[in-house]
Amino acid sequence: MPLSDAQQEAHAVRTAYGARAREYTELLGSVELMAPSDVAAIAGWAQDVDGAILDAGCGPGHWTKHLQNLGAEVAGVDMVPEFVDTARARFSGVPFSVARLDALPVHAGALSGVLAWYSVIHSPPGSVQAILTEFARCLGPGGSLLLGFFVGRRLEPFDHAVVTAYFWPVDEMVRLLRRTGFDVVGVQTREDPGVRPHAAITAVLRG
């Protein structure tokens, strides 16, 4: 059976990251290599989440382990098997599994928080609402989502080092979150020399 466009896109991303999983882990797979402002933002968000957290699109698992070190009940999922294998080998005390973001192995309402840190940057814009809807399904009322992404003036693709990614205007992402049942409670943007502009949105699921 032919793959749908969304399935083809997911396969391309999975294949591209699988081929470079070791390189990615060496270059970016440590919290110590992350921007201090990102570390502070994620830690501050996690402190306000009372209950289970899912690191959705966990990559090699460094943020998942960091959340566990902070005392969170946390698990990680990623659609790239090579990342999950690496995360399990590096952090044996943390549960990791292979899953797509639009089909998470989580019971409805089971989570208090979802961390989606650069997890949707490669998803075609038309697929992002399905992912956000899945996050909403997994969260209980009042559950919190922290979403990190590349911000731009227009919703448009760009040539990422691994595979095509997308810039999102903050207002476009906010509208999509509200349409999916979230209330946005915080927006942070950052522009550092030599790197792409970044945004982080905190949103809570309406009760």
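General observations
- Dipole magnitude of segment 91-207, debye to nearest 20 (Cβ charges: Lys/Arg +1, Asp/Glu -1, about Cα centre): 220 debye
- The share of accessible area on the chain that comes from carbon and sulfur is 52 percent, using a 1.4 angstrom probe.
- Taking 7 Å steps out from each Cα toward its Cβ at Ala12 and Asn69 produces label points 3.6 nm apart.
- Convex hull projection area averaged over all views, segment 98-207, Cα basis, nm²: 6.8 nm²
- Remark on Val74: its backbone amide H falls under 5 Å from those of Ile53, a criterion applied only to residues 5 or more positions apart or on other chains, H modelled at 1.01 Å from N.
- Structure-based [θ]222 nm, the chain - -39500 (n - 2.57) summed over DSSP H runs of at least 4, per residue, nearest 500: -11500 deg cm²/dmol
- Looking at the chain, the accessible area is 48 square angstrom per residue; that uses a 1.4 Å probe and ignores ligands, DNA and RNA.
- Environment charge at Ala200 (Cβ cut-off 10 Å; Lys +1, Arg +1, Asp -1, Glu -1): 0
- Packing-based ranking of 83-94, 107-118, 31-42 yields 107-118, 83-94, 31-42, ordered from highest to lowest mean Cβ neighbour count within 10 Å.
- Taking amide H as placed 1.01 Å from N in the peptide plane, the amide H of Leu139 sits under 5 Å from that of Gly109, Leu111, each at least 5 places away or on another chain.
- Shape class of the chain from the Cα gyration tensor (axes a ≥ b ≥ c, square roots of the eigenvalues): rounded, since a/c falls below 1.5.
- Among 57-63, 178-184, the order from most to least packed when residues are scored by Cβ within 10 Å on average: 57-63, 178-184
The values are calculated or read from the model by the stated rules, or taken from the named source; none is laboratory data. If you're wondering where the values come from, they're calculated on a predicted model, not measured in any experiment. We place every Cβ from the backbone using ideal geometry, glycine too, and count neighbours over all the protein chains shown. Calculation scope for accessible area: heavy atoms of the full protein, side chains included, ligands and nucleic acids excluded. Shrake-Rupley method; radii C 1.70, N 1.55, O 1.52, S 1.80 Å.
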